[in-house]
Amino acid sequence: MARFSRIEVATVMENTGLVPLFFHRDVALGKKVLEACYKGGARIMEFTSRGDFAHEVFGELNKFCEENLPEMIMGVGSITDAAAASLYMQLGANFIVTPVLREDIALVCNRRKVLWSPGCGSLTEIARAEELGCEIVKLFPGDIYGANFVKAIKGPCPWTKIMPTGGVSTDKDNLEKWFKAGVTCVGMGSKLISKEILAKKDFDLLTKNVKNTLDLIQILKQK
């Protein structure tokens, strides 16, 4: 069962402005990544479900957070059907992120009052997601649509909350472009938790990167 309500999850997404994305089969490495991000100020993490037995890794990491990182909100991304969403919610997922808009996923998440964020690529899809109860829409792939797409949507639909994923980096110009366009938060994977950091196990650098990115986002959100 989710430890955090969907409103709590949406609030943390909006207040911090950053949702780190991560997957690795090594549970021990995953714990180090979570600790480093937590020390840097992150309070939410999207575990991307990739490959066989990924749910077993998530289960171990989520239990680790409950015991050691009590404010860390663990959710799952790359979910493509209701059965997978239900499985992860049984393991305590606090939110579900999908690459596409699937109404079956909306139904099972809403039944448990778990936040879900579907990948949308048109204003029609976004409107439908909101009709189904979506709080924050995922714009995916973000680099294909770009910040101007967000800006255009916010014109007729200022209430829409958008999280681009893909094409988002720690670079100031990149982040400034997105937040100036009106995004609520950004999803960031390898640009934040890089292969180099993982290979070198440089968790101090990861903590620094997370802190600097969160600080920069707060500055940009004030503009």
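The values are calculated or read from the model by the stated rules, or taken from the named source; none is laboratory data. Quick caveat, the model's predicted, so the values are computed rather than measured. Cβ coordinates were reconstructed from backbone atoms using ideal geometry, including for glycine residues, and neighbour counts include every protein chain displayed.
Yes/no matrix, rows are residues, columns are (1) touching a Ser or Thr at 6+ places or on another chain (Cβ under 6 Å); (2) β-branched (Val, Ile, Thr):
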| site | (1), (2) |
| --- | --- |
| 1 | no, no |
| 4 | no, no |
| 12 | no, yes |
| 26 | no, no |
| 31 | no, no |
| 37 | no, no |
| 48 | yes, yes |
| 73 | no, yes |
| 77 | yes, no |
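Restricting attention to region 135-159 and to residues that are more than 14 Å from the chain's Cα centre (by Cα) and part of a loop (DSSP other than H, G, I, E, B), the residue that is surrounded by the most Cβ atoms within 10 Å (Cβ to Cβ) turns out to be 146. The set of residues in region 181-223 being free of Cβ contacts under 8 Å to residues at least 24 places away in the same chain, among the basic types (Lys, Arg) and closer than 20 Å to residue 150 by Cβ consists of 191 alone.
Those residues that are under 14 Å from residue 2 (Cβ atoms) and either in contact with an Asp or Glu (Cβ under 8 Å, 6 or more places away or on another chain) or of a type in the set (Val, Ile, Thr) (or both), I need them from region 48-93; list them, please. Matches in region 48-93: 73, 75, 76, 92.
Report yes if some residue within region 182-204 is crowded, with 18+ Cβ neighbours inside 10 Å, basic (Lys, Arg) and in a helix (DSSP H, G or I); otherwise report no. Looking for residues that are crowded, with 18+ Cβ neighbours inside 10 Å, basic (Lys, Arg) and in a helix (DSSP H, G or I), one finds none in region 182-204, hence no. Within region 13-31, being outside any helix (DSSP H, G or I) and over 12 Å from the mean Cα position of the chain (by Cα) holds for 23, 24, 25, 26.
For residue 83, state whether it is of a type outside the set (Asp, Glu), farther than 23 Å from residue 12 by Cβ and modelled with pLDDT of 95 or more. Yes, satisfied. Can you say whether residue 59 is surrounded by fewer than 22 Cβ atoms within 10 Å (Cβ to Cβ), farther than 27 Å from residue 211 by Cβ and not charged (D, E, K, R), as far as the supplied structure shows? Spelling it out, residue 59 is indeed surrounded by fewer than 22 Cβ atoms within 10 Å (Cβ to Cβ), farther than 27 Å from residue 211 by Cβ and not charged (D, E, K, R). Residue 106 passes every criterion in (1) part of a helix (DSSP H, G or I); (2) at pLDDT below 95; (3) among the small types (Gly, Ala, Ser) apart from (2).
On the stretch given as region 195-218, residues that are more than 20 Å from the chain's Cα centre (by Cα) and within 24 Å of residue 176 (Cα to Cα) total 1. Within the span defined as region 145-159, every residue fails to be within 21 Å of residue 76 (Cα to Cα) and out of contact with any Ser or Thr (no Cβ under 7 Å at 6 or more places or on another chain). Within region 32-49, the set of residues being outside any helix (DSSP H, G or I) and either of a type in the set (Asp, Glu) or under 18 Å from residue 94 (Cα atoms) (or both) comprises 42, 43, 44, 45, 46, 47, 48, 49.
When residue 70 is tested against the conditions (1) in a helix (DSSP H, G or I); (2) closer than 24 Å to residue 209 by Cβ; (3) without any contact (Cβ under 8 Å) to a residue 12 or more places away in the chain, the lone failure is (1).
Within region 100-117, the residues that satisfy the criterion of being surrounded by fewer than 19 Cβ atoms within 10 Å (Cβ to Cβ), in contact (Cβ under 8 Å) with a residue 24 or more places away in the chain and farther than 17 Å from residue 4 by Cα are 103, 107.
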